[in-house]
Amino acid sequence: MEKDLVLEIKKLKQERGAVILAHNYQIPPIQDIADLLGDSLELAKVSRNLKNKLIVFCGVKFMAETAKILSPEKLVLLPVMEAGCPLADSISVDELKALRRKYPDYKVVSYVNSSAEVKALSDVCCTSANAVEVVRKLDSRHIIFTPDKNLGWWVKNNVPEKDMIIWEGFCPVHEKFDYQELKEARDAHPEAEVIVHPECPPEILENSDCILSTAGMLKRAKESKAENFIVGTEEGMIYRLKKENPHKHFYSLGKNKICEDMKKIELNDLYLSLRDKKYAVSLDERIINAARGALERMVAVG
Ligand code: SF4
């Protein structure tokens, strides 16, 4: 059955001239069938330069919106429209407008995990891979950072010369990591390197060996001499780490670090998406134009 679906998807993809992009947290069958797999920054960059007129984005809504903003002339499909992100939903347009009014001299840096409307109100976006560089290079000392408080804390630690107001949003998956889990994991695997995502709480970041985006984790796993790794991010990441490093060992930090939204797209949804061209991401032209500047500045930092 799965084999048939995979064949059908490949056939439809060919007929439609489509490309399938998938985030590193997607379920294994989606990771396996994707043309390109990556983190937010990699996928944003790739979507901008693709020749294909049709992009099927296997991720969550803000990621498909980002692809649409960077390539408005293309048809961008999100196979399950309900695949959202509670972190992106943690700040509304009105809340950000109120902050801007209160602090008119501050520039707004928004993590890419935000709605298209919030991006449109931001001076620049960032990903976990380039947040420190984006803030460091910004031509303002005064910064409003939205929406992730843990990423904001980490950036502030790395760029102490900046005055930052940090929004109190968080990713419910990464927020669950706690110090006790980290201690137990280190006791169980004392030789392992601890690699964690900057959306984790400060006490996890402070007690880890490396703080990395998912793309950074893949690079580190390949280059490090370590053979064992404790991984502090959404569990879907372990599949790709193991696949690309079959002789190394990866252990999730604690249990149940699963993003339900990232698991919503299954092979059948991808098949229906290609067959019926659904669900098309549609954004107001004003929002696209305003958000594109913030995203282009993010991509330019690299
Ligand atoms: S892992 Fe967290 S930040 Fe990423 S999509 Fe899920 S809820 Fe949003």
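Values quoted throughout were computed directly from the atomic coordinates according to the rules given, and no laboratory measurement underlies them. Quick caveat, the model's predicted, so the values are computed rather than measured. Every residue, glycine as well, gets a Cβ built from its backbone with ideal geometry; the counts of neighbours run over all protein chains shown.
Database remark: amide H of Gly169 closer than 5 angstrom to the amide H of Lys149 (H placed geometrically; neighbours at sequence offset of 5 or more, or on other chains; Pro and chain starts carry no H).
In this Cβ point-charge picture (+1 for Lys and Arg, -1 for Asp and Glu), the chain has a dipole of about 1040 debye about its Cα centre. Database remark: amide H of Tyr111 closer than 5 angstrom to the amide H of Cys126, Thr146, Asp148 (H placed geometrically; neighbours at sequence offset of 5 or more, or on other chains; Pro and chain starts carry no H). In sequence order, what are the phi-derived ³J(HN,Hα) couplings for segment 54-59 according to the Karplus relation 6.51 cos²θ - 1.76 cosθ + 1.60 with θ = phi - 60°, rounded to whole Hz, with x for glycine and proline? Karplus-based 3J(HN,Hα) across segment 54-59 equals 10, 10, 9, 9, 9, x Hz.
Count Lys and Arg as plus one, Asp and Glu as minus one, and take only other residues whose Cβ is under 13 Å from that of Glu133; the net charge is then +4.
Separation of the alpha carbons by more than 32 angstrom is noted, of Lys3/Lys278; Lys219/Lys264; Lys74/Lys225; Lys137/Lys277, for Lys74/Lys225; Lys137/Lys277. The per residue volume of the convex hull around the alpha-carbon atoms of segment 174-258 is 78 Å³. Per-residue ellipticity at 222 nm computed for the chain from its helices equals -13000 deg cm²/dmol, with DSSP H segments shorter than 4 residues left out and the rest contributing -39,500 (n - 2.57). Charge dipole (Cα centre; +1 on Lys/Arg Cβ, -1 on Asp/Glu Cβ; no other charges) of segment 174-258 amounts to roughly 460 debye. Dividing the alpha-carbon radius of gyration of the chain by the rule-of-thumb value 2.2 N^0.38 Å gives 0.99. Which of the DSSP-defined H helices in the chain satisfy a minimum axial length of 15 Å, computed from C-alpha atoms, and a minimum mean Kyte-Doolittle hydropathy of -1.0? TM-like helix candidates: 285-301.
Among 107-114, 272-279, 205-212, the peptide with the highest mean count of other Cβ atoms within 10 Å heads the list, and the full ranking is 107-114, 205-212, 272-279.
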